[in-house]
Structures are given as C-alpha cells and as structure tokens.
There are 2 protein chains.
Amino acid sequence: MGALRLPSLTSIFAISSSRSSVFLRRSKQLHVRKFTATTKVFAQSTPATEVAPAESNQKPPVQEQGITPRSQDFNAWYLDVISMAELADYGPVRGTMVIRPYGYAIWEAIQDYLNVKFKETGHSNMYFPQFIPYSFIEKEASHVEGFSPELALVTVGGGKELEEKLVVRPTSETIVNHMFTQWIHSYRDLPLMINQWANVTRWEMRTKPFIRTLEFLWQEGHTAHATPEEAEREAMQMIDVYTKFSYEEAAIPVIPGRKSRVETFAGADRTYTIEAMMGDRKALQAGTSHNLGQNFSRAFGTQFADENGQRQHVWQTSWAISTRFVGGIIMTHGDDAGLMLPPRLASIQVVIVPIWKKANEKNEVLDAASSIKDVLHTAGIKVKLDESDQRTPGWKFNFWEMKGVPLRIEIGPRDVSSRSVVISRRDIPGKPGKVFGISMEPSVLVPYVKEKLDEIQLSLLDKAKSFRDSNIVDVSSYDELKEAISQGKWARGPWVGSDEDEQTVKEETGATLRCFPFEQPQGPKKCLMTGSPADEVAIFAKSY
Amino acid sequence: MGALRLPSLTSIFAISSSRSSVFLRRSKQLHVRKFTATTKVFAQSTPATEVAPAESNQKPPVQEQGITPRSQDFNAWYLDVISMAELADYGPVRGTMVIRPYGYAIWEAIQDYLNVKFKETGHSNMYFPQFIPYSFIEKEASHVEGFSPELALVTVGGGKELEEKLVVRPTSETIVNHMFTQWIHSYRDLPLMINQWANVTRWEMRTKPFIRTLEFLWQEGHTAHATPEEAEREAMQMIDVYTKFSYEEAAIPVIPGRKSRVETFAGADRTYTIEAMMGDRKALQAGTSHNLGQNFSRAFGTQFADENGQRQHVWQTSWAISTRFVGGIIMTHGDDAGLMLPPRLASIQVVIVPIWKKANEKNEVLDAASSIKDVLHTAGIKVKLDESDQRTPGWKFNFWEMKGVPLRIEIGPRDVSSRSVVISRRDIPGKPGKVFGISMEPSVLVPYVKEKLDEIQLSLLDKAKSFRDSNIVDVSSYDELKEAISQGKWARGPWVGSDEDEQTVKEETGATLRCFPFEQPQGPKKCLMTGSPADEVAIFAKSY
C-alpha cells in the first residue's frame, strides 16, 4: 500500500474531482511477496471522438502498486477498487463499461433475490424490443423533455437510411403502453403486472463505472391498474421490496421517501426513491418506483372497459433498480483495503488459504483444506480454496481482503495436528477479527461459519447505519442547511419551498432535495426556507 | 376449430409461403362455450417504412376462430399458435418481437438449464457493451463481409452526430477480442472462458417470430486457449452441451455435425451445428459452436507469452443458442390443437380443471382441487389450478391443450366422493390419453404424475425421432438427392463436392448442406455429385 504511483492522469470515466485517479489492473505474477499489481492507465479521451484510443500492443509497465487510500481520494479509491478487484473495465466506446465476472456475480446475486420477490408479488418476466420509433418518445410531453437530450439514435439499418429514426431504449414506458393497448380490453385484463431484465442506453456526458454509464443493465417493472389507489399501492409495494432488499441483502440502510416535483421522473405523478449514503457522504439514488397516474395511458390511449362498460384510462406504475446498485455496495462498505461485500451478495463468502513451508507439509494441509471446502460447500456456503503455489499466504490474505470476501479460513501444519483452523473477519481488521483454534469438525465449523456470516451481515448494516445517522443534521434554517452541506453532511429540515426555492438551494449549495422521507418527525414544523407551516421534513444532500 | 376465418392477409412477419396466415389474438371473454378468440390481423408493412402502422384505437372484431390446422398451412399454424398461446407479439418496429410471459418462461427454462451447465464446464458470466466501434467490425476480413449487410448503426448520440458510427452488436467476437488483449498476458491467464446473456441485432429482411427477428436474445460463449487442440475440445464440448440439452430437456433429436466451408460462421475455421427437423420437415439450425482458430486473435493482436516466454496468438471459440430455439420447440412438437411443451421446459406442467354443475358442489370440488395443487407444488411439480368460473370446463380443456400443458387433472363431485381424479395426457389426444380413478392420496398421486411427466418427455423425443428418421433418405446420386428434396425430405449422401457444387444444389433444389453429421456410416463411399471417393456423408435439406 502507498507504494510508488504513476503521475496523475484523468481517466475517461473520471469526474472533475478525481484528478489523481488511475484505473489499475492486477495481473497474475509469480513469486511476488507483497500484493502488487500491473498498472493500466487510461488516457483521457479527446472530447471529439466517442471511441477511446486503441490499446497499444505493448503492455504497461509492472509497478508495485496499492489502492489509493479512501480517505485520500474517494474517487480514485473507487476506480482502483473496481479495477483491482476485477469488477469492471472500460469499454472501447466512451462511457461504456465491461462488467467482469466478479462484478457480474454481484449483479447476478441481486437478480436472484429480486426475481423471486417480483414473482412472489405477482409479476411475470417478459421482453420488449429495444428499438422504439422516435415518434413514441414524443407522445408524452414531459417524457420527451426529460429524455430527448440523452437519446442514442439508430438511423441506418441493413445498409439503408431509415425513414423513421429509432431510439435505443432509455426506458420502456412508451413501447410498453403501445403493447398494453393491444392486451388490455376490460377490467378483467387488469392488473397487468410485468417486469423485464434488460440493457438501457442514456447518452450521459459525465460517466463513472456502475454509477452512470452510457449503457447499463437493469430491471424495469411496468404495471397497469383499474384504480389510482391500486396503482399507488403497487408503487409503494415495490419501493418497499427495494428497501427490504437494501437492508437485508445489501446491508445498505437506505432512506425511502418521495421525490419533490422537481426531481420526479419525466412522465410520473409521483416518484418514490431509496436514497443511500455513500462512504464520502454523497447521496446515491439507488432505486425508484413511479406512480405514473394516467400520463402514459392518456398519451397512448391505454383504456379498459370497467364493470359498467365505461371506457377508462388505466393507472400505471414503473420501477427500476440497475447495475448502479453495485456501485452503491462498493461505496457503502469498502475501506482502504478494498472491497467489502455483504455475505448475502458475495459470490465467495469464505476463502480458505492453506499455509505450508516444507514440501512434506503441503499434502496434509491441502487435504485438510480441501475437505473443509467440501464440508462448507455441502452446507450451502459459497467457498473458494486458493491452493495456488505461486503466491505467498500473505499475498493471498491481502488479495482476498481487497476482493471483499467476508471470511477467511487459514490452515497450516499445526492446525492440521490440532484439528482446528484460524478464522478472520474481513470487516474487523487485524488481530481483533481473528479467532484461533476453531475445531474443523463439521458439527462445530459449519454453524460457526454461518453464525459469523450472519454477524458480518448485521455488522455491516449497523456500521453503515451509524455512519449515516452521524452524518445527517437536523436543520431549521437555510443557514443551518448551508452549514451542514458545506461540511459534506446531509441536511434534514421542514420544507414547503417552491420549485424555485429548491433550485436556489441547488445553485447556492450544490445540494438537491433527495426526498421527503416516509419516516417523519411528529409535531408542528416551519419551513426552513420560507418559515411557513410545513407538514414534512425533506433531506438535502450532494449526490451522484 | 375450422370456424370462420378472415380473408387472407400477409402479416408483416409472414414469409412468402404463408399467404393465408393471420396472427390471432385471444381475449378474455365471458361465458363463451367453445374456445374462441379475438382476431387481430396485421397488415403488411409497406417496404419503405421500418415502423409498422400504428394501432387503431378501435379493437378488431371478435371472431369465432381456431388455430389453422398444421397440415393445411404450417406457417399460418405457427403464427396462430404464437398468438393464441400468448407466446409473442409483433413489436412496433418491423421485424421486432415482444416476448410475452408464457413465451419468455420457455426461454427462462432454457436459461436455467444452460446457465448451470456453462458454470459446471468452467465458464463465468459477464457483460460486454452492445455498442461496437464500426472500425472493429472491419478488422477481421470475412467477419465484416458476413455481417456488414445486417448492421444497425447508431449515428447520433446525445443530440450530436457521432464521429465514428457505432454498430449495435450483431455478435461480440470483435469487442471480446479488444478486451481479451487487455486481460491476457501469459499462459497462466489461459484458458479464459466466459459467457454473456444478451440481446443482439441483425437487420434481417425476412423475419419470423422467434426464428429470425431483428433483435433476439441469446447467450454467447467466448473462450481463449493456449493450443489449437484445447480450442477444438472446447468447441466440441459446447456442441455436446447443446446436443444433450436438445435431447434431454427439449426432446428435440437434433443431428450434431460440422458445417461445410460455405456455411461456416464468418470468421471461424470450423463451425459445429445442431440441426433439428421441424414439423414441416424443414431444417432449423438450432445452435452453433465455432472453432475460431487464430482469425480474431491475429486481427486484434490477442497474444500471450507461453511457458518459454514466446509470444503467441490465442486459439479461440465462440458458441451460441438463442430465442430461435423457442421457435424450434413449437415447430417440433406442436399439433393441430396447438402448442405441446416438453415437461422439463414447461412453466406449467400440470393444470387442474375443477368441474361442478351445482353451486353446492363448487366448494368441495375447489377444496379438493386446491389441496391437490398444494401437494403437487410441494413435490416440486409446476402446477396451476384454473378455478375461474367464467369459462366452462370444456373451454378450459381446449385452452390448456392449446397452451401445450403436458398433463391435465380433472376433478368433479364424483371424484371427490371416490377420492380420485382423472388424468389426461396432452400428447395422446382423446380417450386413449385419459386415465380414470387415480387416487388423490399424495403417496399415489405424486409418483404417478412424476412418472407420467417422464413418460411424456420420452414419448415426445421418440415421436420426433421416428418422424425425423422416416424423413431422411439415404441417397447415392444427385438425382436421388433432387427426388428426396422435392418430396420435402432430407437427403443424406456421400459428399466431397466443391463449393460450386454446393451452390448448384442450392440453386437447383433450394436445399443447403446442413452438416456433415458426427455419426457416419462405415465403409467406402462415392460422392453423390462427383463420383470421387468420399470420407463422409452430408445432409442436405431446405431450411429456415
């Protein structure tokens, strides 16, 4: 750590605050004692071209290189973690991202959980085409206003200029409504509740891996209902699913709430959000659920005959979580040593590192390690045995810590003799997190490991909760708000300000109204801005 | 069935042979005794526009309408099944398809099986961006020749004309190699074995739902190896995975083999294929695995240092199965009554239809039906109870047969008294497929249902195998080949003809060389075309 670093270069993904970021690459090397990495520096793309410079065939020099300390430069740390933990890489087109197997496994774990919950709550998966006629986007007035600056357009197909240009889906409300008009005839066709897992494209100018990329992966739910009450219940139900997922699986104590009118989705009546506090105290909008009212159904003529035979427009919702959530996990739990994964989303929950010095020790250690692996695997624990003899145990410790594996089991010749192992927690650095002499008897080891994984899961949530709560300031005036924001904190205070007041806060402090949280303090309040009686507090923060 | 039909109209998806096809829609209607449907007719799109005509707000007229008999018009039957079984619908852009929940569930079942197999064979999932710089496609000579007529191009992003146009991925070999150059340094980085589940776009002119659409879903595996032998083993391993999947899960007796040089993938040294015989005896290429040799690694400079420190180009494979396979399932097993799903891929394996006449019977019948449902569900059987009282049992029988559900359980008041049920097999029409008096005791019912599902699975495979074998003719001359093809059959005969000979067969008979099957007859052979000694037989057939 803290070894030689290359000169500062801004990566093509870097935002303005990250002048010193380099995007590092680890390569497999023989017999290197310390944890080291091959650096790979991305040159800044010239603004005029959308394609990043071609790779040179010459490989970059190998450097002794660690992760930038988080406290020193949060953005550089973030990019280093993504690169060194092999979560993602830049794609050749500006702002695109290749999600590597270790990063994709986090997304698969998110999918596995949510897919079950969506089906339990009555939704079916399906698939809509990604090419949308341009005219569709124009049908809902605020939708086109919100999305038209970010569109990618296909204008040539099969060698010919197209008569109508096609939009590469930025979201699917328009094409969904086009199809809903064909499937919905009477109240008996409602509710219609579907979901799709898909890629979407938004031509973002300032990109950052996972957080904001030109193309990203997400799920988008779309539902149609006979009454506004039902649509509202659905929108709330889905933000609840996201909230529960965040707390229980991702160990992220998001704050669920309602967006202000200014921040509401283009085409929605109401947007609900889960807001997460990252390690640098910036807010991340980690998932949203929209009550679309009849905006799209009126624009597309999505109608049904009610029980009295009257034709009515349906009431709709849509809701989404994306690969951005992976960025949220990295930035919530990570530390100077790298990634820290919540056990429930980790593709490797336990890594076993065998330790031997003499050749005659190797076999018995590997045999014991291998049988421990089998025992844990059979018990449903995701376990990896790192038996490579090209790295020292110390290197492996650092490497798997950097990869965020929640538990490490160490086993050497003396452990084999005493039929025990050493277990280290990723979330408690050094000796305090290390327990010696845990029996390798399955009846002892398996419950111990499961208990520790549960403890780590809860501990990550608790830690994130404390951090969050110690960084939210209750404010009762605009001055207090400005003070809190300038300290990098979140400001929570009564708010009935106008859209213009909200804009003023944004311009003067850089903070936006993240949400009116569902959880509200009791008692009379006065708006921090206007002094008028206020029903609710709002949260303001700088955000990604 | 066979009721009034609308005048012939060619759908926007229809191919030339399907003059009479209409694409039907079922709508939920009350109290209709016979199984009927709302028709929905797609007008032919004018060739100049890529966007299908907008839906009128007026719903199409409701017609008493059945599925076109398969024997009468195979293509119309196919489109009817897709529409009435609610598998898919046309998207608004010409040639695109919306995959509806019941159709998507088949794809999910395919994914679930293959995803496990891919991981068992050492592959990891990941995700590459779908936008590929145009210059990448041009790097591998035969690749650009093969794909450039089918490309969709993004030329505008974020409101600006792009400097370099972007290809919407038609396949990912080029971008994969661009990334592999960054991840592969030494022999220790090999083999590199990955897979992605993704959408791809090919600007096809003649489209057909599932079989050939502008955008489709697939998985594409990509691997890099240190030796040609390893790459060859991998390409063979994956065609074996596909073959096993086809036989055991889809009950499709594909013929695995090697493509001729003419039919080899653009950029591959060798292409392996699984060829399936559809119900109209046309061949469907249902999956392919390519040995890419060093074609892409040389074009992109994907090199590694071998154990002696020498730089070498990697040896590669790629392999894919797509939503086209869903079309293959429909066209292999379906009959005049509609879809017939192999139990292992059916999202509903058993449908329970309760039968009552008097109101006082309803409760006891529904109670019994519901407890049978719970018993089967607990036993891991995918079961649906159709308890709607808006349809007659007879309508439900026809409906679920049309949806291809393998087993039906009927239960009426007398069955409740005798604690038994009636079970009907989808694959054996009428009385021969119906068994009365099966005890509803779980210890009897569950094993009985499981056994029947297994029997149906095998029976579908056997039936498809017999059909296939009775429609392959061994030929020893070109005249015999022409005769076989003119009868709509497949011709199998010795072949060492030139590329030009192959072209002649295509022009004169409409048949293409599907593959040199892996299973070859012993003994000396003479080429059916040239009379020269031949090592192998080839299969010729008309195809999709």
The range B:371-482, dipole about Cα centre (Lys/Arg Cβ +1, Asp/Glu Cβ -1), debye to the nearest 20: 360 debye
Span-rule helices in chain B, defined as complete DSSP H runs reaching 18 Å or more along the axis (Cα) with Kyte mean at least 0.5: none
Rg to Rh quotient for the range A:472-542, alpha carbon positions, Kirkwood Rh: 0.92
Accessible area in the full protein assembly, largest first, 1.4 Å probe, for B:Thr378, A:Thr302: B:Thr378, A:Thr302
5 angstrom amide H check on B:Lys525, placed H, neighbours 5+ away: B:Ala534
Approximate spin-label separation A:Arg419-A:Asp474, in nm, with each point projected 7 Å along Cα-to-Cβ: 5.7 nm
Net lengthening on full extension, B:Ser142/B:Glu164 (0.36 nm per residue, minus Cα-Cα): 5.8 nm
With all protein chains modelled, accessible area of B:Trp356 [1.4 Å, Å²]: 60 Å²
DSSP bridge pairs, the range B:350-453: antiparallel proportion in percent, nearest 5: 50 percent
Label spacing, shortest first and in nm, from A:Asp535 to its equivalents in the remaining copies (7 angstrom along Cα→Cβ): 8.1
Average silhouette area of the range A:222-293, convex hull of alpha-carbon atoms, in square nanometres: 5.1 nm²
Built amide H within the under 5 Å cut-off of B:Gly404, gap 5+: B:Leu339
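Hull surface divided by four, with the convex hull built on the Cα atoms of chain A: how many nm²?
Result: a mean projected hull area of 29.8 nm².
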As computed over the range A:200-319, the Cα convex hull volume per residue (Å³): 126 Å³
Protein-protein interface of the range B:84-111, residues with accessible area decrease of at least 10 Å², isolated chain reference, 1.4 Å probe: B:Asp89, B:Tyr90, B:Pro92, B:Val93, B:Thr96, B:Met97, B:Val98, B:Ile99, B:Arg100, B:Pro101, B:Tyr104, B:Glu108
Residues of type lysines that B:Lys525 reaches as a straight line, Cα spacing below 29 Å, ignoring anything fewer than 8 places off in the same chain: B:Lys259, B:Lys282, B:Lys465, B:Lys482, B:Lys489, B:Lys506, B:Lys542
Solvent-accessible area, 1.4 Å probe, carbon plus sulfur percent, for chain B: 49 percent
Rough spin-label spacing in nm, given labels placed 7 Å along Cα→Cβ, for B:Glu150 and A:Gln111: 2.3 nm
Accessible area buried at the B-A interface, both sides summed, 1.4 Å probe (Å², nearest 100): 6200 Å²
Position B:Gln310, label points 7 Å along Cα→Cβ, spacing to each other copy in nm (shortest first, one decimal): 8.4
Shape of the range A:350-453, Cα gyration tensor, a/c cut at 1.5: rounded
Residues of the range A:126-262: accessible area per residue with a 1.4 Å probe, Å²: 30 Å²
Label spacing, shortest first and in nm, from A:Glu480 to its equivalents in the remaining copies (7 angstrom along Cα→Cβ): 9.5
Relative contact order of chain B, defined on C-alpha pairs under 8 angstrom at six or more residues apart (%): 12 percent
Stretch gain in nm, segment B:Lys119-B:Leu458, where the contour uses 0.36 nm per residue and the Cα spacing is subtracted: 119.4 nm
Long-range amide H partners of A:Val98 with built H, under 5 Å: A:Asp89, A:Tyr90, A:Gly91
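Taking the Cα centre of chain A as origin, sum charge times position over the Cβ atoms of Lys and Arg (+1) and Asp and Glu (-1), and report the length of that vector in debye to the nearest 20.
In debye, rounded to 20, chain A gives about 2120.
Return the FRET efficiency for the residue pair B:Lys431, A:Arg188: r is the Cβ-Cβ distance, R0 is 35 Å, and the value is rounded to the nearest 0.05.
For R0 = 35 Å, the calculated efficiency reads 0.55.
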Selected from A:Gly158, B:Phe397, B:Ile274, residue furthest toward positive end of dipole (the protein assembly as shown; charges at beta carbon): B:Phe397
Charge dipole (debye, nearest 20) of the protein assembly as shown; +1 at Cβ of Lys and Arg, -1 at Cβ of Asp and Glu: 980 debye
Bridge type composition, the protein assembly as shown - antiparallel percent by DSSP, nearest 5: 85 percent
Rg and Dmax [Cα atoms of the range B:74-333; Å; Rg one decimal, Dmax integer]: 18.7, 63
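Note the full-extension length gain between A:Arg206 and A:Glu536 as 0.36 nm times their separation in residues minus their Cα-Cα distance, in nm to one decimal.
Separation in residues times 0.36 nm, less the Cα-Cα distance, equals 115.5 nm.
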Signed unit charges on C-beta, dipole axis of the range B:472-542, positive-most listed residue B:Ala541, B:Pro524, B:Gly497: B:Ala541
Estimated translational D of the protein assembly as shown in µm²/s (Stokes, Kirkwood radius over Cα pairs; 37 °C; 0.692 mPa s): 103 µm²/s
Cα→Cβ-extended label distance, 7 Å offset, between B:Lys526 and B:Glu451, nm: 5.5 nm
For the range B:411-464: relative contact order, % (alpha-carbon pairs under 8 angstrom, 6 or more apart): 27 percent
Helical mean residue ellipticity (222 nm; -39500 (n - 2.57) per DSSP H run of 4+; nearest 500) of chain B: -10000 deg cm²/dmol
Average accessible surface area per residue within the range A:472-542, 1.4 Å rolling probe, Å²: 49 Å²
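The values are calculated or read from the model by the stated rules, or taken from the named source; none is laboratory data. Source: prediction; values computed, not measured. FYI the Cβ positions are ideal-geometry reconstructions off the backbone, even for glycines, and counts take in every protein chain you see. Surface areas here come from the heavy atoms of the whole protein model, side chains and all, with no ligands, DNA or RNA. Shrake-Rupley method; radii C 1.70, N 1.55, O 1.52, S 1.80 Å.
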